[in-house]
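Worksheet: one structure, shown below.
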Amino acid sequence: MVTAVDSSVLLDILLNDPQHAPRSISALRQAATEGSLVICETTLAEIVPTLPATDLPQFLSDWSLASVPSSQASATLAGEMFRTYLDCDGKRGCARAAPNHS
């Protein structure tokens, strides 16, 4: 299994958030036992300000995080889903944002 890790989880760890870091560490460790961990370029960009540039490669290595860039197709789909969300004035549940492949 491949788990895409959100920046919020990594920021909990990097900033040692007293409320969320323990659960984020536990969840990340569990996901790592079940397969590989990946981050997208947005997640990478969001965590960069919290680390000295020289520490970033070691952090990624310590957590076995692979940086995987988006394809044009996946970025376009994300944009289309975001447009649906915006068309609903940001209200959850007003329309199905995920594609229905049935």
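With neighbour counts taken as other beta-carbon atoms within 10 Å, the residues Ile47, Ile13 rank, fewest first, as Ile13, Ile47. The longest part of the chain holding none of the exposed loop trypsin sites (Lys or Arg not before Pro), meaning those outside H, G, I, E and B in DSSP with at most 12 other Cβ atoms within 10 Å, is 1-90. The calculated FRET efficiency for the pair Ala53 and Ile25, based on their C-beta separation and a Förster distance of 30 Å, comes to about 0.80. Packing around the peptides 2-10, 65-73, taken as the average count of other Cβ atoms within 10 Å per residue, puts them in this order, highest first: 2-10, 65-73. One entry in (1) 196; (2) 144; (3) 89 is volume of the Cα convex hull per residue in Å³ calculated from the shown coordinates; its label is (2). Other residues lying with their Cβ under 14 Å from the Cβ of Ala78 contribute a combined charge of -2, Lys and Arg counting +1, Asp and Glu -1. The residues packed around Val38, meaning those with a beta-carbon under 15 Å from its beta-carbon, carry a net charge of -4 if Lys and Arg are +1 and Asp and Glu are -1.
Read the figures in this text as sums done on the coordinates, not as results from a lab. Because the structure is a prediction, the values reported are computed rather than measured. Positions of Cβ are generated from backbone atoms using ideal geometry, with glycine treated the same way; all protein chains shown enter the neighbour counts.
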